[in-house]
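Since the structure comes first, as structure tokens, the remarks are kept for the end.
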Amino acid sequence: MDALERNPDQLPGSTIYYLRLDNNNIPTFSGEPYCTICSKMALDVGISKFVLYLKQGWTDYDTKYYNDLSFNYGKPRLK
């Protein structure tokens, strides 16, 4: 939100990185895409990649794909 207010012209094509911090401010894994508010806002302002810190390491997603995963989080996967 701060970047959108201060530097909206720098958002299109940018990359957002996300990890969690535990209670001791130690980085921990972010988990699967699930936040539809974050994914939709990133998509709407033109952020091109979403990068998460997962058990297998830093993993990048195209923002459209990340948004789709977020909206399907917790739903049964079709075979």
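Taking the range 29-49 as the range and being modelled with pLDDT under 95, over 15 Å from M1 (Cβ atoms), among the hydroxyl-bearing types (S, T, Y) and in contact with a strand residue (DSSP E or B) (Cβ under 8 Å, 6 or more places away or on another chain) as the test, only S30 passes. What's the number of the only condition in (1) within 13 Å of the chain's Cα centre (by Cα); (2) surrounded by 14 or more Cβ atoms within 10 Å (Cβ to Cβ) that N72 fails to meet? The one condition N72 does not meet is (1).
Flag set for P76, criterion: more than 27 Å from E5 (Cα to Cα) and either part of a loop (DSSP other than H, G, I, E, B) or not basic (K, R) (or both).
Conditions (1) out of contact with any Ser or Thr (no Cβ under 8 Å at 6 or more places or on another chain); (2) not acidic (D, E), marked per residue:
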position	(1), (2)
E5	yes, no
I26	yes, yes
G31	yes, yes
A42	no, yes
Y53	no, yes
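Mind listing whichever residues of the range 2-44 are in contact (Cβ under 8 Å) with a residue 24 or more places away in the chain and either acidic (D, E) or in a loop (DSSP other than H, G, I, E, B) (or both)? If the condition is that a residue be in contact (Cβ under 8 Å) with a residue 24 or more places away in the chain and either acidic (D, E) or in a loop (DSSP other than H, G, I, E, B) (or both), then L11, P12, G13, S14, L19, F29, S30, E32, P33, Y34, C35 are the ones that fit. If the condition is being under 20 Å from A42 (Cβ atoms) and charged (D, E, K, R), then the range 1-28 contributes D2, E5, R6, D9, R20. For first residues located in the range 62-79 and at pLDDT 90 or above, partners that are outside any helix (DSSP H, G or I) and among the β-branched types (V, I, T) and lie 6+ apart or on another chain with Cβ distances below 8 Å form the pairs T63/I47.
Determine if the range 23-34 includes at least one residue that is touching a helix residue (DSSP H, G or I) at 6+ places or on another chain (Cβ under 8 Å), surrounded by fewer than 11 Cβ atoms within 10 Å (Cβ to Cβ) and over 27 Å from G74 (Cα atoms). Within the range 23-34 (the criterion being touching a helix residue (DSSP H, G or I) at 6+ places or on another chain (Cβ under 8 Å), surrounded by fewer than 11 Cβ atoms within 10 Å (Cβ to Cβ) and over 27 Å from G74 (Cα atoms)), the answer is no, since none of the residues qualifies. If you check D9, D44 for being surrounded by 12 or more Cβ atoms within 10 Å (Cβ to Cβ) and either of a type in the set (A, V, I, L, M, F, W, C) or more than 10 Å from the chain's Cα centre (by Cα) (or both), only one passes: D44. Total residues in the range 43-79 satisfying the condition of being in contact with a Phe, Trp or Tyr (Cβ under 6 Å, 6 or more places away or on another chain), among the hydrophobic types (A, V, I, L, M, F, W, C) and under 23 Å from D9 (Cα atoms): the figure is 2. Inside the range 44-73, residues that are within 11 Å of P33 (Cβ to Cβ) and of a type outside the set (V, I, T) make up a count of 13.
The values are calculated or read from the model by the stated rules, or taken from the named source; none is laboratory data. What you see is a predicted model, and the numbers here were worked out from it, not measured in a lab. Please note: Cβ atoms are built from the backbone with ideal geometry, for glycine as well, and neighbour counts cover all protein chains shown.
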